[in-house]
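The values are calculated or read from the model by the stated rules, or taken from the named source; none is laboratory data. Note that this is a predicted model, so its numbers are computed, not measured. Glycine gets a Cβ as well: all are built from the backbone with ideal geometry, and neighbour counts include every protein chain shown. Ligands, DNA and RNA are excluded from the accessible area calculation, which covers all protein heavy atoms including side chains. Shrake-Rupley method; radii C 1.70, N 1.55, O 1.52, S 1.80 Å.
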Amino acid sequence: MEIRIAQSRDIPGMIELLKQVGEVHHQIRPDIFRSGALKYDEHALQELLLDNNRPIFVAEEDGFVQGYCFCIHRSYNGDGALTDRKELYIDDLCVDEACRGRGVATALYRHVCDYAKKQGCAFITLNVWRGNDRAQRFYEHMGMTPRSFHMEMPLEDN
């Protein structure tokens, strides 16, 4: 397995994984996520591949995209309350259903951590939807801890 920056030829594989992730989110929160919807389409992925502030890494073997990790560089400078720092936000990490349990997610995550360190980032951050217990356990196993909680309250008749 090779982990590298995504290229245009990886888009079909990334779209298949985006479908899988979309269904996971739909199963957890059908009130928020549509079934069959994609977070990014082919055009959006082409644009993301050109954005150095949003690196995408793929785990690939024999031309098959086994997993991906979408990242976003975030910088905080000159804020009155926050310390100056760089962080790498994991926007999405997905491993193909057929490849889960083989260490692909761990390899991708460790690769991203090494990349972030080389970029001078102080933290890696991400969000996990409540109910995505497998993902939460994985990230905790990798050493992540909660920073904050995003809360909600459904309003009547919505």
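Between ILE72 and MET142, full extension at 0.36 nm per residue minus the direct alpha carbon distance yields a gain of 23.3 nm. Across segment 1-42, Cα-Cα pairs farther apart than 17 Å form 38% of the total.
The stretch between ARG102 and ALA37, if pulled fully straight at 0.36 nm per residue, gains 20.7 nm over its current Cα-Cα span. Out of the total accessible area of segment 25-113 (probe 1.4 Å, heavy atoms of protein only), what percent is carbon and sulfur? Ligands and nucleic acids excluded, carbon and sulfur reach 44 percent. With the Cα gyration tensor of segment 19-67 giving a ≥ b ≥ c as the square roots of its eigenvalues, does the rule (a/c under 1.5 for rounded; else a/b larger than b/c for prolate; else oblate) give rounded, prolate or oblate? Taking the square roots of the gyration eigenvalues as a ≥ b ≥ c, segment 19-67 is oblate.
The Cα center of segment 25-93 and the Cα center of segment 112-136 differ in position by 11 Å. Rg and Dmax of segment 1-103, based on Cα coordinates, read 15.4, 50 Å.
Checking the a/c ratio against 1.5 first, then a/b against b/c, what shape does the Cα gyration tensor give for segment 93-158? Oblate.
Helices assigned as whole DSSP H runs in the chain whose Cα atoms extend at least 24 Å along their own long axis and whose mean Kyte-Doolittle hydropathy is -1.0 or higher are found at 11-28. Once the 1.4 Å probe is applied to the protein heavy atoms, segment 18-135 comes out at 58 Å² accessible per residue. By its C-alpha gyration tensor, with a ≥ b ≥ c as the square roots of the eigenvalues, how is segment 27-158 shaped: rounded for a/c under 1.5, else prolate for a/b larger than b/c, else oblate? Rounded.
The trypsin sites (Lys or Arg not before Pro) of segment 5-87 that DSSP puts in a loop, and whose beta carbon has at most 16 other beta carbons within 10 Å, are ARG34, LYS39. Report the paramagnetic label zone for GLU87: residues of segment 124-158 whose backbone N is under 13 Å from a point 7 Å from Cα along the Cα-to-Cβ axis. Taking a point 7 Å out along Cα→Cβ of GLU87, the residues of segment 124-158 whose backbone N falls under 13 Å are 124-128, 145-150.
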